[in-house]
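Let me begin by presenting the structure, written as C-alpha cells, before commenting on it.
The values are calculated or read from the model by the stated rules, or taken from the named source; none is laboratory data. Not measured: the values here are computed from a predicted model. We place every Cβ from the backbone using ideal geometry, glycine too, and count neighbours over all the protein chains shown. SASA here: full protein model, heavy atoms, side chains in, ligands and nucleic acids out. Shrake-Rupley method; radii C 1.70, N 1.55, O 1.52, S 1.80 Å.
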Amino acid sequence: MSTITIEEQEGIAYRRRHGGLIGVRSKVNVRDSQMLSLVYTPGVAEPCLDIARHPERSLDVTCRGNTIAIVSNGTTAFGLGDVGPRPILPVLESKAVIMKHFAGVDALPLAIDAPDVDSFVRTVMNLAPTFGAICIEDVASPMGMAITYQLERAMDIPVVNNHREGVAIGVLAGLLNAAKVVGKSLAEMKIVINGAGAAGLGTAAILYHYGARRVIVCDREGAITRYRPLGMNWAKAEIARYSNPEGMTGDLVEVLEGADVLVAFAGEVTAEHLEVMGVDPILFMFATPLTMTPDEAYELGAAVVATSSSDYGNQMDISVVVPGVFRGLLDVKARDFPVGAQIVAAEALAGTLGSDELAYDYIYPRMLDYRVAPAVAGAVAEKMGCLNHLPETRYRSADIAERTRRYIYEGRLPIPAKTMAKQSLAEEALELHDRFTGILEIYSKIPVKDERILKQSYVVPGAMTATKMILENPDELFALTPRQNLVGVVSDGSAVLGLGNIGARAALPVMEGKAVLFRTFAGVEAFPICVTTQDPDEIIDLVKRLEPTFGGINLEDISAPRCFYIEERLRAETDIPIFHDDQHGTAVVVLAGMLNACRLTGKTPAELRVVVNGAGASAIAVTKLLMAMGLEDVVLLDRRGAIYAGRAGMNWIKEDMAAITNRDKIQGDLETVVKGRDVFIGLSAPGVLTTEMVKTMAADPMIFALANPTPEIMPAEALAGGAHIVATGRSDLPNQVNNSLAFPGIFRGALAARVRNITDEMKIAAAKAIAAMVSDESLRPDWIIPKGTDFGVAPLVAEAVARTAVETGEARVEVDPAAVAAGVRQFVYEE
C-alpha cells in the first residue's frame, strides 16, 4: 500500500482502538430486574401486541422509527471501482457517523453479498420490518438505478439512492446559488451534464422537474438522444424522453457550444471545453482526479467553479444533503421521497446561505455548517406533510427544524415521561418504548468536532484508506470496523415467546430487548434483523448475504422444525458463529442448573433418569446438550406422548431424536412416562404436570418447569408433591432459568476467539462457568442458578468459551481468555 498521510494514520489508529467508528447501545440503563422486565420479558410483550393490532405503530414503539439502513454491495467504491461487499463496510460506516452527527439519524451499515439486481432487491425487501428508510450507496450504474427503481415501487418506506437523489439535490442547490451569482435564470440556462451514471441521470431528472428545459446529458458516445443507436441502456433511454429537446448530437465539445453550465461527473475538463461555452460559464467538476484546478478554470473565464474536493472553495459534498433529508422523512413516517420533496430539499439547502453571503467561491454550505440539516429536515417534513395531507400542527417545518437543531447542539433530546400516573408493568413497558421510539440506537464513537476529525473518519481520505487495507488483507475488516463485535439478531417472528407467530414487524421489540441484553451484560453490540419472509431457504440466503457485516448471528424466535434446518445450513455455509438462542441458550442454563442440583443432591448426571416434556427447539436442544454431557436415559414427549423409534406421524427432527433417546421405547402420556424419573424438564404448556404426578417420581425429584409465563407446575404445588428442587422461567420465582445468563458471555468469548462455530464443548464450558457462580456456601434448593441480573456471570462465561476455543483448536486468532474476562468486567463496571 502506498504511503498514507498523518491524518490517515490517525484515522486508522482510531478505528483500531475503538473497533470501528459506530456502535449499538440501549437508550435506557438496565441496572435491575425491574428495568430488565420492561425491555425484555415479560413487559416487552405489550409493544409487540400493540404492533400486532396496529402495524403502523412499529414506527412509534421500536427503533425502526429513527433507523435507516445504508446498503451497498461495493460495486463502485470511490476511486477504486468494484471492491465487493467487505471492503466497502468502512465507507458505509463513515456515512452512518455523518447521519448521526448532523441529524440524529440512526444508520446501520449493511454490506451485502448481492452481485445482481434481483438478489439485492430481495435482500432489502426482506429487511423492511426493521428500518424506517433505505439508503442505497456505492452501487454501480445502471444496477443501482434498477435496484432503486424496483425498491421504490415495492416498499412502503422511502428509498433514497445517495448517488442519484443525494447528488441531484446538491447540484440543484449549487446551481440555484450559482445562477444568482452570475445573474442568470436557471430555467433558461443551457446545462450540459457529462456522465450518465446514477448521479448524471438523477441530476438531469431533478433539473427537468424543477423547470430547466435545456438539459443535455453526454456519455462516451456523445449526446444522449431519444433514438441514438449506440451505448444506450434503459436508464439512458428514460432520460432521453425529456432531455435534449433540440435533439443535439455530437461529442462533448460540440454540445457545449454556448452552454451556461457544465456538470462533469466523468471525463476530463479541458480549456477547449471552457472556450466554447457561453458568457460567465459555471463549472461543477466531480470526476477525480481533477484534470483542471479551480484556479486554472477561473483563469480560462469560468465565473463559478465547484468540486467535490475539500482542498478548494465550493466543496459540494452530498453528505451535507442526506442527513436532513432522512431526518425529515423519518419525522413524518414517510412512505416515499417524491421529486417535489427533493426540490424543496435543494431549495432549503441553497437557502441556508443568505444573499449577503453568496460569492463566486461560496455557493454551497460547508460540511460543518450546522444550519443545513435542520433547514432541510423542516422543508422535507413540511412538503411530505402537504403531499400526504397530514395535520399542519403535527409536522410544522419550524418545529422539526428546531428539534433537529437541538439534537445537533445538545447530543440527545430530553425525553420526559408521558404520564406520572401509576401504571401496570405492561402499560409502563409500552410507554417506555413509545417515549424513546424503541430502546436501541446507533451511536458514533468519534466526536466530529472539526474538519480534521471529519477527514480521518469520512470517505476521503479516512474510510478509503481502511477500504484499501481490507482489500490487501481481508482480516483487517475485523480490526477496522464494528464487525469484530457486532451480532445480527435475526428473526422471522414465527415463534415469539408466549405470543406465537406474530410476524417480524411485531417481533421487533423482543429483538431490540435481546440486543440490549447483549450489550448490557457483555459489551457485545447487537442489532435486530427482522425479516419479512418465513421461508427457510430465503432466510438462509438472506443471512448469507448479510454475513460481510456481522461477526456472528443470533437466530431468535424461529419456529421448529424450521429453526433446526436453518441453523444447520448456516453453520455449514457461513464463516461466522450461528447460534439459535431459543435452543442453546436455554440448554446451557438448564445444564448449569442441573449440575448444581447434582452438587446439592450428591447425584451424578450420568445416573439421572430424565423426562423432557415438549419437542420444540428448546426441548430438543436441552436434550442434546444433556446427552453430550453424559446423560443416557432421556425420554422426550410431544402432545401425542412419548417419542420413540418407529412411532408414526413424526417430522424429521423427532425421528432423529427418537433414534438417540428413549432407549427402552417407553410409550404413553406424561403421567405414564414421569413415573420413577429423577428429573422433569418442561418446555411445553401451563399446568400439564400435577402434584400427584410429582409424587410418582423418584425420591427428591428435580423439577424444571420452564413454560412462560405460566409454568407446567407452580413451585408450591411441586414442593407439595415432594420435589426437592424447582426451577422456572419466571423472574419473580426462585431459580429462574434465564437465557441472559448464557448468550452474552458465549458470544463475547466466541467473537474474541473468532470461532467459526460454537461447539458443544463451548456450551458445556459455559454451563459449568454459570454453575460455578453459586458457591458451596450459597447452594441450596432455592438457589441453584445465579440471578439474571448477576453481572459477574458473563465475564466467566466469556473466559470459559474463549479458553475452550483455544484448547480445542477452534480459535482462529490468538486470544488470552483471562484478558477477555477482564475486558467484559471493565465494560460492565466502568462503562
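Per-structure values
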read-out	value
Which numbered condition Y364 misses (of (1) without any contact (Cβ under 8 Å) to a residue 24 or more places away in the chain; (2) open to solvent by less than 30 Å² (accessible area, probe 1.4 Å))	(1)
Every residue from segment 2-30 that is touching a residue at least 60 places away in the same chain (Cβ under 8 Å), of a type in the set (K, R) and open to solvent by 50 Å² or more (accessible area, probe 1.4 Å)	R16, R25
Qualifying residue in segment 122-134 (condition: over 18 Å from the mean Cα position of the chain (by Cα), farther than 22 Å from V516 by Cα and open to solvent by 10 Å² or more (accessible area, probe 1.4 Å))	no
Some residue of segment 785-792 being assigned to a loop (DSSP other than H, G, I, E, B), touching a residue at least 24 places away in the same chain (Cβ under 8 Å) and of a type in the set (F, W, Y)	yes
Segment 776-827, residues that are farther than 23 Å from F704 by Cβ, open to solvent by 30 Å² or more (accessible area, probe 1.4 Å) and of a type in the set (V, I, T)	V806, T808, V813, V815
Residue that is modelled with the lowest pLDDT, among those in segment 644-697 that are farther than 17 Å from G616 by Cβ and of a type in the set (D, E)	D664
A769 vs. criteria within 17 Å of R599 (Cα to Cα), among the small types (G, A, S) and part of a helix (DSSP H, G or I)	yes
V634, sole failed condition from (1) under 23 Å from G585 (Cα atoms); (2) in contact with a strand residue (DSSP E or B) (Cβ under 9 Å, 6 or more places away or on another chain); (3) in a loop (DSSP other than H, G, I, E, B)	(3)
Total residues in segment 463-478, condition over 19 Å from the mean Cα position of the chain (by Cα), within 28 Å of D581 (Cβ to Cβ) and open to solvent by less than 30 Å² (accessible area, probe 1.4 Å)	0
Subset tally (residues that are open to solvent by less than 10 Å² (accessible area, probe 1.4 Å) and without any contact (Cβ under 8 Å) to a residue 60 or more places away in the chain) for segment 479-527	1
Single residue of segment 310-356 satisfying the filter (free of Cβ contacts under 8 Å to residues at least 40 places away in the same chain and in a loop (DSSP other than H, G, I, E, B)) that is farthest from R164 (Cα to Cα)	D356
Within segment 46-67, tally of residues that are buried (at least 24 other Cβ atoms within 10 Å of the Cβ) and among the aliphatic types (A, V, I, L, M)	2
Sole residue being open to solvent by 10 Å² or more (accessible area, probe 1.4 Å) and within 42 Å of the chain's Cα centre (by Cα), chosen from D260, D219	D219
Residues that are open to solvent by 20 Å² or more (accessible area, probe 1.4 Å), modelled with pLDDT under 95 and in a helix (DSSP H, G or I), drawn from segment 723-759	N739
